[in-house]
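Peer 1: Got a structure here, written out as structure tokens. Questions coming.
The values are calculated or read from the model by the stated rules, or taken from the named source; none is laboratory data. All values reported here derive from a predicted model rather than from experimental measurement. Cβ coordinates were reconstructed from backbone atoms using ideal geometry, including for glycine residues, and neighbour counts include every protein chain displayed. Each accessible area value is taken on the protein alone, full model and side chains, heavy atoms only, with ligands, DNA and RNA left out. Shrake-Rupley method; radii C 1.70, N 1.55, O 1.52, S 1.80 Å.
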Amino acid sequence: MIKGSFPSSRPRRNRQNSWTRDMMRENSLVVNDLIWPLFIQEGSNTATDVSSMPGVKRITTDIAVEYAANAKELGIPAIALFPKTPEKLKSDDGYEGVNPENLICSTVRAIKEQVPDIGIICDVALDPYTTHGQDGLIRNGYVDNDLTLEALVNQAHIQVKAGCDIIAPSDMMDGRVGAIRSMLEEKKQHNIQIMSYAAKYASAFYGPFRDAVGSSSSLKGGKETYQMDPANTNEALREVAMDINEGADSIIIKPGMPYLDIIERVSREFNIPTFAYQVSGEYAMIHAAAANGWLDLEKAMMESLLSFKRAGATGVWTYFAPVVAKILNDT
Ligand code: PBG
């Protein structure tokens with residue numbers, strides 16, 4: 001431990017002007033840290049505001065291709081796609097999620113064709129496709145784990161066939177990483193990455209996301225039987241260890257800011273790339289406070305993102321990605 005006492009030690013010496021603050025800085029945010037989540041909807045040439053997420057739009061495939069090109073230009077390494085499924089295509093068993101012609105697969109194909117050099121991450125979970133809004137299949141009133149695994153494996157398979165680079169299972173079923181990894185091995189898809197939502201909490205901060213993908217109106221009941229209890233830490237370590245054993249290449253902690261302690265512990269204990277997901281509710285909170293004049297938007301945004309790097313995150317999923325990338329590129 002460093003010891004020092006006043007007046008020979010004066011920590012303010014290192015902070016007295018900007019060059020020394022720049023020189024002494026321990027952590028920084030760079031464009032390579034950013035993963036940009038996008039909401040996709042059916043149709044063409046349409047961008048619809050997501051009212052609870054100022055600045056975020058739900059976009060059609062053709063516009064997603066433009067966003068991907070923009071992300072590439074800004075230096076953002078990867079985008080993540082989430083669909084808003086038309087109500088008529090939703091069902092009890094979420095069948096649209098395993099349809100190779102679904103919105104996500106066709107969007108992946110369009111982006112890969114026109115912007116081949118950007119990483120594409122696809123979400124694996126059934127909630128955008130089910131009439132009940134749960135991430136898995138329901139049997140006897142309970143989200144059935146093993147029954148769901150089969151659907152998730154099929155979902156991952158069609159996404160990979162469409163050209164997805166990284167499979168990101170967000171469903172929190174037990175054993176899904178292993179099941180998806182076996183399928184990938186069997187299909188000789190050794191290079192497909194799995195970025196697993198290893199520690200995903202049953203959080204109140206997903207509200208605006210559920211509005212954006214249209215699952216909040218359908219969602220009956222909570223997700224506490226599979227998403228983690230916000231009170232737990234040790235359980236997160238266990239989840240991460242299991243996902244690594246099952247074949248994950250990197251992991252996600254979600255939400256972000258309320259779970260900085262989890263990011264810190266996981267990144268310290270496991271030698272695996274660890275990503276924070278700054279979720280929709282975190283984004284909405286910062287915007288809402290800024291709109292009221294209570295926070296400086298840019299400063300609060302940068303500080304929130306830097307906190308993930310300080311906690312040990314390799315990178316951050318954030319809806320602020322394009323705005324931040326522009327700021328970082330201009331300075
Ligand atoms: C669904 C999923 C959710 C998010 C990502 N994938 C919502 C949920 O679990 O209900 C939330 C992302 C966000 O709030 O930004 N499997």
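Peer 1: Calculate the radius of gyration of the Cα atoms of segment 220-291 to one decimal place, then report Dmax, the largest Cα-Cα distance, as a whole number, both in Å.
Peer 2: 13.8, 45
Peer 1: Could you tell me which residue out of THR48, GLN134, ALA69 lies farthest along the dipole of the chain toward its positive end? Charges go on the beta carbon: Lys and Arg +1, Asp and Glu -1, centred on the Cα centre.
Peer 2: ALA69
Peer 1: Name the GluC sites (Glu not before Pro) in segment 87-116 that are in a loop by DSSP and that have at most 16 other C-beta atoms within 10 Å, would you?
Peer 2: Hits after loop and neighbour filter: GLU101.
Peer 1: On each of the three principal axes of the Cα atoms of the chain, give max minus min coordinate, whole Å, ordered largest first.
Peer 2: 69, 44, 40
Peer 1: Find how much the distance from ARG12 to LYS188 grows on full extension, using 0.36 nm per residue of separation minus their present alpha carbon separation; answer in nm with one decimal.
Peer 2: Answer, rounded to one decimal: 57.6 nm.
Peer 1: Quick one: helix 297-311 against the long Cα principal axis of the chain, what's the angle to the nearest 10°, folded into 0 to 90?
Peer 2: Around 90 degrees separate the two axes.
Peer 1: Suppose each label sits 7 Å from its Cα in the direction of the beta carbon; what would the ASP146-ASP296 distance come out to in nanometres?
Peer 2: Spacing of the two 7 Å Cα→Cβ label points: 5.8 nm.
Peer 1: Work out, step by step, the length gained on full extension between SER91 and ASP49: first 0.36 nm times the residue separation, then minus their alpha carbon distance; give nm to one decimal.
Peer 2: Roughly 12.5 nm would be gained on extension.
Peer 1: Quickly work out the ASN232-to-GLU303 label distance, labels modelled 7 Å from Cα along the C-beta direction, and quote it in nm with one decimal.
Peer 2: Calculated label separation equals 3.3 nm.
Peer 1: Can you check how the C-alpha radius of gyration of segment 8-94 compares to 2.2 N^0.38 Å, as a plain ratio?
Peer 2: Its radius of gyration relative to the 2.2 N^0.38 Å reference: 1.76.
Peer 1: For q values of 0.14, 0.15, 0.20 Å⁻¹, compute log₁₀ I(q)/I(0) with the Debye formula on a Cα-only model of segment 59-215, without solvent.
Peer 2: At q = 0.14, 0.15, 0.20 Å⁻¹ the computed log10 ratios are -0.68, -0.79, -1.38.
Peer 1: Over segment 151-265, what per residue volume does the convex hull of the Cα atoms give, in whole Å³?
Peer 2: Each residue corresponds to 117 Å³ of Cα convex hull volume.
Peer 1: Using a Gaussian network model on the chain with a 10 Å cutoff between Cα atoms, which of PHE39, PHE270, PHE205 fluctuates the most?
Peer 2: Taking springs between Cα atoms under 10 Å, the residue moving most is PHE270.
Peer 1: Can you give me the angle between helix 176-186 and the longest principal axis of the chain, using Cα atoms only, in degrees from 0 to 90, rounded to the nearest 10?
Peer 2: 70 degrees
Peer 1: Which value, in Å², gives the accessible area per residue of segment 30-252 when a 1.4 Å probe is used on the protein heavy atoms?
Peer 2: Heavy-atom SASA per residue in segment 30-252 reads 41 Å².
Peer 1: Further question on the same structure: Which whole-number percent of Cα pairs in segment 204-331 have a distance greater than 22 Å?
Peer 2: 43 percent
Peer 1: Per residue of segment 236-242, what does 6.51 cos²θ - 1.76 cosθ + 1.60 with θ = phi - 60° give for ³J(HN,Hα)? Whole Hz please, x for Gly and Pro, Karplus curve as stated.
Peer 2: 5, 5, 5, 4, 5, 4, 5
Peer 1: Just reorder MET23, MET195 by solvent-accessible area, largest first, 1.4 Å probe, all chains present.
Peer 2: Of MET23, MET195, the descending order of accessible area is MET23, MET195.
Peer 1: With axes computed from alpha carbons, what is the tilt in degrees of helix 61-74 against the longest principal axis of the chain, rounded to the nearest 10 within 0 to 90?
Peer 2: That helix lies at roughly 30 degrees to the long axis.
Peer 1: Also: Which pairs in the list LYS84/LYS223; LYS112/LYS188; LYS57/LYS187; LYS84/LYS309; LYS112/LYS220 are over 25 Å apart, alpha-carbon to alpha-carbon?
Peer 2: Beyond 25 Å between Cα atoms: LYS57/LYS187; LYS84/LYS309; LYS112/LYS220.
Peer 1: With n ≥ 4 as the cut-off for DSSP H runs, can you work out [θ] at 222 nm for the chain, using -39500 (n - 2.57) per run divided by the number of residues, rounded to the nearest 500?
Peer 2: When only DSSP H runs of four or more count, the value is -12000 deg cm²/dmol.
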